[in-house]
Every structure is written in C-alpha cells, then in structure tokens.
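Working notes, beginning with the structure itself.
The values are calculated or read from the model by the stated rules, or taken from the named source; none is laboratory data. Source: prediction; values computed, not measured. Neighbour counts are summed over all protein chains in view; Cβ atoms, including those assigned to glycine, are modelled from backbone coordinates with ideal geometry.
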C-alpha cells in the first residue's frame with residue numbers, strides 16, 4: 001500500500017501534465033470544429049424601459065435602439081436572432097428632469113459575452129403626470145352663399161381634457177378645430193378632430209386630448225333681403241328652314257337677387273327672363289351670355305353671369321330618286337345589257353342636304369370586274385354625298401347580260417370606190433380591144 005502511494009505521489013506531476021495535455025488537445029479540436037468569433041450583430045436591438053414612478057412619465061416617445069458586439073461560438077452566432085437579446089434602461093429611483101441612463105444588454109445564449117454596445121447610454125426626460133380641462137375653440141372659415149346667413153354654432157362637447165407631462169399640459173390654452181361654411185346654402189354638420197394649442201397658436205406636443213373629436217353644427221338660413229330665382233331664356237326669330245331646336249340649357253339655372261322685401265315679394269313668378277336671344281336663320285348651336293331682365297329696385301348679385309346654349313340640328317328626312325347605273329370593270333371587247341336599266345334609290349339624311357342634292361351627288365355603280373360572258377344578278381352599290389345614307393335600292397339586284405361585241409364594218413371613202421370602178425372599166429376596155 002505504501003509502495004502504491006509512493007508510486008502515485010512520484011508520478012503525480014506526470015499524470016497532471018497528461019491531463020492538461022488531453023484537455024488542451026480536446027480544446028484545440030473543439031476550436032477547429034466550432035471556433036470562437038467576435039462580431040457586431042447585423043441588426044439593431046430595440047431598447048425597452050422599466051416603468052418610472054407612478055406619478056411620472058417619459059416626455060415624448062421612446063424608440064431607442066442599440067448596436068452590440070458579441071463573442072460566442074460560430075454555431076451560436078449562425079442562429080442568433082433579435083429576440084435572443086434583451087436591451088433595457090432602468091428608470092427606478094429617477095425623479096423629474098433630464099437623465100442619462102446606461103443601456104444594459106443581456107444575450108440569452110451560451111456560451112456568449114457582450115463585448116460592446118453602442119450607444120452605452122440614452123438621454124430621456126421625466127416629468128410629472130398632469131391633466132386639466134380646456135375649452136373647445138372653433139375657427140369658422142368662409143361665408144355662406146350670397147343671400148344666406150350663418151346662425152350661432154352648436155358644439156358638443158364644449159370642453160375636453162388634456163393629459164401628458166405637466167410642463168406641456170400647462171401650455172395648452174384650448175382644443176382648436178377649423179370648419180368651412182364657404183358657399184353653404186343649408187346647415188353644415190361635421191365631426192372634427194381637435195388639436196392642443198398654446199397662447200401663440202402653436203400646436204403643443206407630447207399631450208393627448210379626451211375626447212379627441214367634436215360634433216359641430218352651424219345653421220345656415222336664407223336672408224330676408226335675398227331671393228333665388230330660376231332663369232328663363234327668351235328666344236326671337238326662327239331657325240333656318242329644315243332645322244329645329246332640340247334643347248336649351250342655362251348655366252347656372254338660378255341667380256340670386258337682392259332688394260327690399262316688398263320688391264322681392266312682388267316677384268310672384270319665381271323666375272327671371274333673359275334679354276331676347278336672336279336665332280333667326282341659325283343652322284348650328286347658338287351660345288350667348290345675355291343680360292337679365294331685372295325688375296326695378298331688384299339687383300342681381302354681382303359676379304353672376306348666365307350662359308345660354310340653344311342646341312340646333314337639321315331635321316332628318318328621306319327622298320326617293322331615279323338613277324341610271326354606271327358599269328365598272330367590264331372587260332374590253334364585251335358589252336353589257338342591263339335589265340332594268342334604271343333603279344330607284346331611297347335616301348335618308350338632313351332635309352336641307354336632301355333638298356340640295358345635285359345630279360353628281362348620288363351614283364349607282366355596278367361592279368362587273370371578273371365576270372365571265374353570260375347572265376348575272378348584280379347588287380348595285382350606291383355612292384352618296386356626306387351625311388346622306390342610302391336606305392334601299394329598288395330593285396335590289398339588276399340582271400346583267402355580258403356578251404362579245406359584234407365588229408362594225410369600216411366604211412370606205414368615195415374616192416376609193418371611184419378608183420376601184422375606174423380600174424375595172426379600164427381593164428374591161430383593154431380586154432375588148434384585143
């Protein structure tokens with residue numbers, strides 16, 4: 001036993017060295033397979049804060065982020081996510097004022113170590129929590145339409161509560177909203193958002209309003225000294241023969257007038273006439289800005305001008321004509337016989353153009369191109385002037401007989417005949433003399 005103990009004690013240094021060498025060999029092998037790395041994480045880490053004291057709050061929003069450099073193994077690094085980090089700022093024990101607080105970062109993966117963090121501290125402001133009631137102040141823009149008046153506005157609620165940091169809440173003098181009644185002819189009702197403002201009209205930040213919107217109604221009523229009248233167009237003359245009026249448009253259709261209540265009440269008709277618009281001989285739309293026939297002591301509101309458009313178009317009609325077809329495409333050396341050789345054509349179009357048609361304005365054409373000798377039924381084609389539409393052709397087809405042309409003998413001249421007769425007589429006399 002003593003000898004064994006002496007052997008162990010004598011070889012203990014060698015045994016410890018062997019153990020160290022084995023551990024070193026294991027560590028080297030491990031490093032080669034999964035080496036240690038030091039790198040900056042690719043994404044910033046959001047920083048959260050602990051809750052401050054109950055009567056305090058952070059002024060403004062807190063959305064700080066921190067960039068971290070870590071030491072870990074390659075296997076851990078390859079699987080790191082933002083959720084593995086915790087970056088926090090501890091506000092416990094802090095009072096009102098501006099504070100520079102360190103950022104604490106923890107990596108919940110092993111083995112790992114945080115080497116650096118940027119920034120190391122963040123600056124924030126704490127202030128006492130406060131709230132107060134402020135009045136709603138409505139700013140009205142514009143004026144109602146001429147002839148109308150706005151009555152006192154109705155706002156609900158008339159007060160709101162402003163909440164936030166004390167130093168900002170005390171700056172708020174009211175909750176403001178803006179509403180337009182420009183050109184209104186009836187009550188205006190809206191739900192509007194309100195904004196906190198200070199005494200200089202600037203919006204106060206870092207506070208909230210409860211409620212943050214209001215309901216507003218501004219009654220708008222007609223004035224007793226104004227009235228709105230329809231406009232009636234007065235036309236004189238007759239449009240050109242063959243034309244007609246299809247529409248009359250007035251823009252705007254009504255105008256506002258003002259005057260004494262008694263004079264306005266005398267306008268029992270409820271409309272006002274334009275000055276006469278002359279359409280004599282018109283063949284197209286007439287567009288004018290006529291004056292208005294305003295009764296005495298009644299005035300049209302300045303700036304109102306009426307435009308009248310009288311729409312005019314030609315009367316549509318029909319006409320039947322008789323025409324001799326023209327032959328096209330007949331091969332040389334052939335003749336064509338038509339049966340019948342005249343047709344009737346029914347035309348539609350504007351009456352003035354139908355009445356003005358000339359002999360060359362409508363043609364009936366037979367296309368014989370490529371037809372062989374023989375009898376064919378050919379549908380005539382009508383070529384008409386612009387805006388004239390062929391409705392039908394009677395008959396709808398024409399019988400065409402194509403045949404070779406018979407040559408006509410060429411007549412000889414009188415001198416040629418005389419020379420022939422003389423030559424014959426001379427020849428006879430010669431024979432007889434012999």
(message) Considering only the range 323-338, I want to know if a residue exists there that is in contact with a strand residue (DSSP E or B) (Cβ under 9 Å, 6 or more places away or on another chain), surrounded by 16 or more Cβ atoms within 10 Å (Cβ to Cβ) and under 30 Å from residue 239 (Cβ atoms).
(response) no
(request) Return the only residue of 245, 214, 250 being within 30 Å of residue 173 (Cβ to Cβ), at pLDDT 90 or above and in a strand (DSSP E or B). (result) 214
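Conditions tested, residue by residue: (1) out of contact with any strand residue (DSSP E or B) (no Cβ under 6 Å at 6 or more places or on another chain); (2) assigned to a strand (DSSP E or B); (3) modelled with pLDDT of 90 or more.
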{"residue": "305", "(1), (2), (3)": "yes, no, no"}
{"residue": "310", "(1), (2), (3)": "no, yes, yes"}
{"residue": "321", "(1), (2), (3)": "no, yes, no"}
{"residue": "358", "(1), (2), (3)": "yes, no, no"}
{"residue": "366", "(1), (2), (3)": "no, yes, yes"}
{"residue": "370", "(1), (2), (3)": "yes, no, no"}
(message) Would you confirm whether or not the range 107-123 contains a residue that is modelled with pLDDT under 90, closer than 30 Å to residue 169 by Cα and more than 51 Å from the chain's Cα centre (by Cα)?
(response) no
(request) Collect the residues in the range 149-173 that are surrounded by 17 or more Cβ atoms within 10 Å (Cβ to Cβ) and either under 39 Å from the mean Cα position of the chain (by Cα) or free of Cβ contacts under 8 Å to residues at least 24 places away in the same chain (or both), keeping them in residue-number order. (result) 150, 155
(message) Out of everything in the range 286-303 that is surrounded by 15 or more Cβ atoms within 10 Å (Cβ to Cβ) and within 38 Å of the chain's Cα centre (by Cα), what residue ends up being modelled with the lowest pLDDT?
(response) 300
(message) Checking residue 396 against (1) closer than 30 Å to residue 239 by Cα; (2) at pLDDT below 90: exactly one of these is not met. Which one?
(response) (1)
(message) residue 256 - would you say it is farther than 18 Å from residue 234 by Cβ and surrounded by 12 or more Cβ atoms within 10 Å (Cβ to Cβ)?
(response) yes
(message) Show me the strands (runs of 3 or more DSSP E) entirely contained within the range 57-128 in which 3 or more residues are free of Cβ contacts under 8 Å to residues at least 40 places away in the same chain.
(response) 97-102, 104-107
